[in-house]
1. To the nearest Å, what is the center-to-center distance of the range 91-118 and the range 146-224, using C-alpha atoms only?
2. Can you tell me the FRET efficiency between residue 39 and residue 153 if r is taken as the Cβ-Cβ distance and R0 is 30 Å, rounded to the nearest 0.05?
3. Of the beta bridges DSSP finds with both residues in the chain, what % are antiparallel, to the nearest 5?
4. Each label point is 7 Å from the Cα along the Cα-to-Cβ direction; what then is the distance between the points at residue 219 and residue 204, in nm?
5. Put +1 on the Cβ of each Lys and Arg and -1 on the Cβ of each Asp and Glu in the chain; which of 179, 110, 19 then has its Cα farthest toward the positive end of the dipole?
6. Using a/c under 1.5 as the rounded threshold, could you call the range 70-115 rounded, prolate or oblate? The axes a ≥ b ≥ c are square roots of the C-alpha gyration tensor eigenvalues, and prolate needs a/b larger than b/c, oblate otherwise.
7. Helix 76-91 versus the longest principal axis of the chain: what is the Cα-based angle in degrees, 0 to 90, to the nearest 10?
8. At a Förster radius of 25 Å, what calculated FRET efficiency corresponds to the Cβ-Cβ distance of residue 169 and residue 97, to the nearest 0.05?
Amino acid sequence: MRQLFGGQYPDLVMFDLDGTLVDSVPDLACAIDKMLLALGLPEAGVDKVIGWVGKGAAALVRRALLDASHAAVVDESLFEQAYAFFLRFYGEATADQSQLYPGALECLEGLVEQDIKLGLVTNKPIDFTHSMLTGFGLERFFSVVLGGDSLAKKKPDPLPLLDVMRRCDVVAENSLMVGDSINDVLAARAAGCPVVCVPYGYNHGEAISLSKPDLIVDRLDLLL
């Protein structure tokens, strides 16, 4: 990481959540399967849900409905019913089966020890974001936390990253985005800051190397 900033640490590091800090698919898949069963549709399972994560809860629900119904478009009344089920089921368990990735906690602790400001920028709805952070005891690390519904736009738009920079009073040149998907890379590029990615996350079935981040690390604690 420091090679991106002339041998120094950045003043601000912004993290994605799902697929970067937390392997959240187990709880997401459980909520999606409960939703589908409540609608009389077949379960999706973890392997399918992995490929659908990253664009927010509404997109996840729509993708699951398309897959289960084999339809070209989702009926809006069905979507509204399904989305309500998903919010209910996922709200009951955001951190039950999910796990922190190896090195994630050590990375956050190490960066805080260096007096680096930390922000969280995720496309997950903010209520679920706070619930998950609380479940893993991570809320204390972040100066700013933004969910997919916190602002008018979400990643890959740069607005959330720029908002965190503004709130932390740090310019883009001294900021870093850390994520796992093309959405993180595109948002960082548009915001004007470097981006580091992990290869183990949820990038819609594509290798993150194809998105050409500035650096790829196998574990987050390697950033230190």
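The values are calculated or read from the model by the stated rules, or taken from the named source; none is laboratory data. What you are looking at is a predicted structure, and each value in this text was computed from that prediction instead of being measured. Note that we place each Cβ from the backbone using ideal geometry, even for glycine, and neighbour counts take in every protein chain shown. For the accessible areas, the whole protein counts, side chains as well, though only heavy atoms, and no ligand, DNA or RNA atoms are used. Shrake-Rupley method; radii C 1.70, N 1.55, O 1.52, S 1.80 Å.
1. First find each Cα centre; the distance between them is then 16 Å.
2. My answer for the efficiency is 0.50.
3. Just about 10 percent of them are antiparallel.
4. Those two pseudo-labels are separated by 3.1 nm.
5. The residue sitting most towards the positive pole is 179.
6. Prolate, since a/c reaches 1.5 and a/b exceeds b/c.
7. Approximately 60 degrees, to the nearest ten.
8. 0.05
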